[in-house]
1. What order do you get for 76, 193, 11, 151 when you list them from fewest to most C-beta neighbours inside 10 Å?
2. To the nearest 10 degrees, how steep is helix 118-146 against the longest Cα principal axis of the chain, on a 0 to 90 scale?
3. Rounded to a whole number, what is D in µm²/s for the stretch 75-141 from Stokes-Einstein with the Kirkwood radius over alpha-carbon pairs (25 °C, 0.890 mPa s)?
4. Would you mind checking the tilt of helix 18-38 against the longest principal axis of the Cα atoms of the chain, expressed as 0 to 90 degrees and rounded to 10?
5. Could you work out the Kirkwood radius for the stretch 118-229, taking every pair of different alpha carbons, averaging 1/r and inverting it, reported in Å?
6. What does the highest-first list of 203-213, 32-42, 137-147 look like by mean Cβ count within 10 Å?
7. Calculate, in whole percent, how much of the Cα-Cα pair population of the chain lies beyond 29 Å.
8. Report the relative contact order of the chain, percent, no decimals, based on alpha-carbon pairs under 8 angstrom and at least 6 residues apart.
Ligand SMILES: [Zn+2]
C-alpha cells in the first residue's frame, strides 16, 4: 500500500524548506514589531491614514478612487477592479506613522494602476490563475500520490513554479508602491524628517515579507524538482 508519510514527509528534501520558513517567520515578526512600534507614534500634523490617501490620490488626479475602512488587522489593500483603497480601521482613522505609511503605500498601488504600471497589470492578469492553482496544490498532491498518479510531482513543480513567478512579479510592484509612497509623503509635506524615516522603516519591514515568501516558493520549486527527478 502507498505510504504517504514515507514518500513525502520523511524525505530529506524537506530540510530544504526550513531556511525559508525561518526567514519567513523572522520577516513576519519584524513587520509585526515595526507595526507595533510605529502605530504607537502619532504624527505631529495629526493627519489620518484616510486623509493621507485622499491627499496623495488627489495630487495624482485619482479623486475617483474610493477610500473605505475594512475589518481585520493589516488587511489594507487596493482593489483595482472596484477602484477602492481599503484601509484597516486603525490605519483608516488612526494618525500614527504606521497608519500614514500604510495608507501612502496603498495609494502607491492606486497610482500604479492609474498610470498602467506594467508589473502591476501583469500581476493582476495572472493572479486569478495562480490563486486557483495554489488552492488546488495540496488536494492534487495528496490525492494524486494516494492514487499513484505518476505525474503528480511534476504537476506540483509547475504549480510551485507559477506561484514563484507570481511572487517575483509581486516584488517590483511592492517595492515600487513603497517608493511612490515615500516620494508622495515627502512632496505632500505631511511628515517630519524623523516621521518619514519611521515610515520608510515600516515599509521596508513589510517588503521583507514578500521577499521571504518568494524565497519559500523558490525552495519549494527546488524541492519538488528533486523529488520529480527521482521517479
Ligand atoms: Zn502593497
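Quick note: the coordinates plus some simple rules give every number you see, no bench work behind them. Just so you know, these numbers come straight off a predicted model, no measurement behind them. Don't worry about glycine lacking a Cβ; one is built from the backbone with ideal geometry, like all the others, and counts go over all protein chains shown.
1. So the ranking, lowest neighbour count to highest, is 193, 151, 11, 76.
2. Tilt of helix 118-146: around 30 degrees.
3. Calculated translational D: 181 µm²/s.
4. The angle comes out at about 20 degrees.
5. 16.1 Å
6. So the peptides 203-213, 32-42, 137-147, ranked by packing, come out 203-213, 32-42, 137-147.
7. That tail contains 37 percent of the Cα-Cα pairs.
8. For the chain, the relative contact order is 29 percent.
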